[in-house]
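**Q** I have a structure I would like to understand better, so I am pasting it below and will then ask my questions one at a time.
The values are calculated or read from the model by the stated rules, or taken from the named source; none is laboratory data. Quantities reported herein were computed from a predicted structural model and do not represent experimental measurements. For neighbour counting, all protein chains shown are included, and Cβ atoms are generated from backbone atoms with ideal geometry for every residue, glycine included.
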């Protein structure tokens, strides 16, 4: 399982870095072209879609690293047996939400059949919106891959508080 998690992490990280770099280049080219008086018709629509993709894939990467806002202090205040139950409840809620998002994202793709982007009619809207079910599924995979570590923390000393670490480090220096 650690090997699968590492491969998933590296692949998702590479794709997020690629999207971030591509979006930065697109924005810079779009601004430069606009300043030169040769505005790109498709720039705004393309940049907004890339930002949505970056958000969904970046959220899945953050889920893998357990870097989303959470309540580890609340969970850690519970006795170990209840901590594990709280983790399972939280996981069920998160995975349930993203399962619904994935399911309805697939339904949306069926509805969008035949639609295309406004400024780039050769690009199907189904392609641009495919990030919804794919991102939801990736989020579920990320949660499941990081679940064993979180359960081990819940059974032991408690969950790691990723938000508290920078505060403690800043106060220590």
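**Q** Tell me, yes or no, whether the range 76-89 has at least one residue that is within 25 Å of residue 17 (Cβ to Cβ) and either outside any helix (DSSP H, G or I) or modelled with pLDDT of 90 or more (or both).
**A** No, there is no match, as no residue in the range 76-89 is within 25 Å of residue 17 (Cβ to Cβ) and either outside any helix (DSSP H, G or I) or modelled with pLDDT of 90 or more (or both).
**Q** Let me ask something else. Is it true that some residue in the range 126-133 is exposed (fewer than 13 other Cβ atoms within 10 Å of the Cβ) and without any contact (Cβ under 8 Å) to a residue 60 or more places away in the chain?
**A** no
**Q** Residue 29: surrounded by fewer than 12 Cβ atoms within 10 Å (Cβ to Cβ) and within 24 Å of residue 116 (Cα to Cα), yes or no?
**A** no
**Q** Taking the residues in the range 58-75 that are assigned to a helix (DSSP H, G or I) and in contact with a helix residue (DSSP H, G or I) (Cβ under 7 Å, 6 or more places away or on another chain) as candidates, determine which candidate is modelled with the lowest pLDDT.
**A** 75
**Q** Hey, residue 154 hits all of (1) modelled with pLDDT under 90; (2) more than 26 Å from residue 5 (Cβ to Cβ); (3) touching a helix residue (DSSP H, G or I) at 6+ places or on another chain (Cβ under 8 Å) but one; which does it fall short on?
**A** So residue 154 meets the others, but not (2).
**Q** With respect to residue 100, is the statement that it is closer than 30 Å to residue 74 by Cβ and surrounded by 16 or more Cβ atoms within 10 Å (Cβ to Cβ) true?
**A** Answer is no for this residue.
**Q** How many of the residues in the range 27-57 are touching a residue at least 24 places away in the same chain (Cβ under 8 Å) and outside any helix (DSSP H, G or I)?
**A** Matching residues across the range 27-57 total 2.
**Q** Residues being surrounded by 12 or more Cβ atoms within 10 Å (Cβ to Cβ) and either in contact with a strand residue (DSSP E or B) (Cβ under 6 Å, 6 or more places away or on another chain) or not in a helix (DSSP H, G or I) (or both): count how many of those fall in the range 1-26.
**A** Residues that pass the stated criteria total 0.
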